[in-house]
Amino acid sequence: MTVLVLAEHDLGHLSPATARIVAAAEQLGTVDVLVAGHDVSGVAAEASEIAGVARVLVADSDALAALAPDALVGLLLPLSERYTHIVAAAAATGRDAIPRLAAKLDLMPVTDVIAIHGPGRFDRPIYAGNAIETVSSGQPKQLLTIRASAFRPAATGNAAPIEPLLPTVGTVTKFLADYRTEGDLPDLGTAQIVVAGGVSFGSAEKFALVADLAKALGAAVGATRAAVDAGYAPNDWQVGQTGKIVAPDLYIGIGVSGALQHLAGIQGAKKIIAINKDPEAPLMKIADYALVGDLFEIVPALIEALKR
Amino acid sequence: MKILVAVKRVIDHAVRVRVKPDGSGVETANVRMSMNPFDKHAVEAAVQLVEAGAATEIVVVSIGPKQSTDVILTAMAMGGHRGILIETEARVETLAVAKLLRAVVAEEAPDLVLLGKQAVDDDSNQVGQMLAGLLDWPQATFASEITVVDGGLEVTREVDYGRATVSVPLPAIVTADLRLNEPRNAALPMVMKARSKPLAVRPVAEFGVDVTPRLTIEKVSPPAERPGGKLVGSADELIAALKGELSELEAL
Ligand SMILES: Cc1cc2nc3c(=O)[nH]c(=O)nc-3n(C[C@H](O)[C@H](O)[C@H](O)COP(=O)(O)OP(=O)(O)OC[C@H]3O[C@@H](n4cnc5c(N)ncnc54)[C@H](O)[C@@H]3O)c2cc1C
């Protein structure tokens, strides 16, 4: 069994998800990592340090700079011949490319894998995580996206050989602009602590309380869809069925009702703290510690106490 | 511009689904069904393109049982012009759905296919990308904004780091995210009018696509239960609990 893992990276750095995908992929066979992009030698060097990686393949090309799915699939198609499994994180790049590649290979992909039971047997959540489907595939090749949050990261300390490829791919997709959320907060998808806020903060200014508490804890910031829709938080902070999936050791939900679509994103959280003025809110019902009260009083008190 | 919009009938997003005790699936008897929420945004985007004069015709297609005409009617009440139901009672996997849609694209020759980015039943997030692959068309997934610019589209996509704007030539595939627009609720006269719009119900066999599933669903299980919640009495108590958790994390 040979596995090709598509590396996730941004701004010249490997995403923390990749070490987790490698750890998951090791259950399937020998792991090669593919780093596709433009000016990605730094990313390749980071990937070669991940324990369990046999080789790092680097495809460096202008056409791959924005990881347009047509270019990426053009790269993956010939490479896929050599592998029994093609695997990516269930994140924007992998979600975009893996199904497209699958269709080209006339294969059914399995996306959002949360458990691997064998070379062709996987668990994946359906209905916003309210049910878990166990599927088996007798197909000759498996195309997967894997939820990084469901796996522990592989160790570092490796020095896998780095082999350049000579990609000849093109794309009709033109990259025009990006809008990034600036900040030095930890990666939401793999953070150990997540502090999330809901729409009840009432404004972007007041939502900053969430970030203040997160900073005091070294945590990542999450938000509900309602908070994002209202413009209090950027879209990449959204946690849930249609946002990011998190599995921190500690999740703190403040003024978050706990709609099923939000809970879909936090099922892997080990401990949950909820702060809400409504004791009947669904998140309060499942929290390990639930405090009834006004968030505008409680959150500043928490920040004060943590500074002490 | 001619637009094809694909819509799916699913268990309503507000229903808390129950796994059947025998593990064969989820309970669907007497459960409220409706149009997949993401598809509503796709339909709304198509209607807005017509209203802006950028498109002239919207063909709505669904694949599923007879009752799926309901969601096609909803889409036509919102502004779709014609409907096609590819009727089947069987479980149709995303790959087969994409192949059926490719057959419809071959018949209808649309310039743009709009779909929801995922369906809230199987949460697959695959069909748009697969259709784009089968057709060798560009794709712009997870769209939160679509603008028509001479012969192509500029699409803003929701991605992991925020948003990215790309341009793609037509024909193209776009999948809708929830912030793309506010889907309208069709007024009663529009609902009545939709009933007189053409809706072709065609058996799946007509399309010559092998829909035999590739994956076996061995079982469907409920997620792990969380132990019930515990109320703490005061902010001080919460702070103590939080500090306890933090020191445990540090010990790891
Ligand atoms: C297809 C679909 C996909 C979706 N995907 C997602 C997703 O990925 N992520 C997501 O989060 N949502 C998602 N949603 C939306 C979801 O259904 C909820 O609407 C949303 O999560 C609610 O956000 P909220 O908790 O901020 O707001 P609300 O549900 O309005 O809750 C606000 C909470 O704040 C509490 N509150 C108010 N004032 C105070 C105060 N002063 N102090 C303390 N507590 C207070 C209230 O008691 C209430 O519990 C999706 C919906 C659909 C239909």
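Worth a mention:
- Boolean, B:Val168 is farther than 26 Å from A:Gly189 by Cα, more than 7 Å from chain A (Cβ to nearest Cβ) and within 24 Å of the chain's Cα centre (by Cα): no
- Of all the listed residues (A:Ala226, A:Ala301, A:Ala274), the sole one being over 19 Å from the mean Cα position of the chain (by Cα), under 29 Å from A:Ala17 (Cβ atoms), small (Gly, Ala, Ser) and more than 8 Å from the ligand (Cβ to nearest atom) is A:Ala274.
For (1) within 14 Å of the ligand (Cβ to nearest atom); (2) surrounded by 22 or more Cβ atoms within 10 Å (Cβ to Cβ), each residue gets a yes or a no:
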| site | (1), (2) |
| --- | --- |
| A:Ala191 | no, yes |
| A:Phe201 | yes, yes |
| A:Gly231 | yes, no |
| A:Gln238 | yes, yes |
| A:Gln241 | yes, yes |
| A:Lys270 | no, no |
| A:Pro279 | yes, no |
| A:Leu283 | yes, yes |
| A:Ala305 | no, no |
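- Selected residue (only one of A:Gly255, A:Gly265 is more than 8 Å from every other protein chain (Cβ to nearest Cβ) and in contact with a Lys or Arg (Cβ under 7 Å, 6 or more places away or on another chain)): A:Gly265
- Condition met for A:Thr111 (outside any helix (DSSP H, G or I) and polar (S, T, N, Q)): yes
- Within the stretch B:1-31, the residues that satisfy the criterion of being within 16 Å of the ligand (Cβ to nearest atom) and away from every other protein chain (no Cβ under 14 Å) are B:Val7, B:Arg9.
- Which listed residue is more than 22 Å from B:Pro203 (Cα to Cα) and surrounded by fewer than 24 Cβ atoms within 10 Å (Cβ to Cβ), from B:Ala90, B:Ala109, B:Ala52: B:Ala52
- Test result for B:Leu73, surrounded by fewer than 21 Cβ atoms within 10 Å (Cβ to Cβ), more than 16 Å from the ligand (Cβ to nearest atom) and more than 14 Å from chain A (Cβ to nearest Cβ): yes
- Residues in the stretch A:118-141 that are within 22 Å of the chain's Cα centre (by Cα), more than 7 Å from chain B (Cβ to nearest Cβ) and of a type in the set (Gly, Ala, Ser): 0 in all.
Laboratory data are not the source of any read-out in this text; all were calculated from the coordinates shown. The shown structure was predicted, so the numbers you read here are calculated from the model rather than taken from an experiment. Cβ sites come from the backbone with ideal geometry, for glycine too, and all protein chains shown count toward neighbours.
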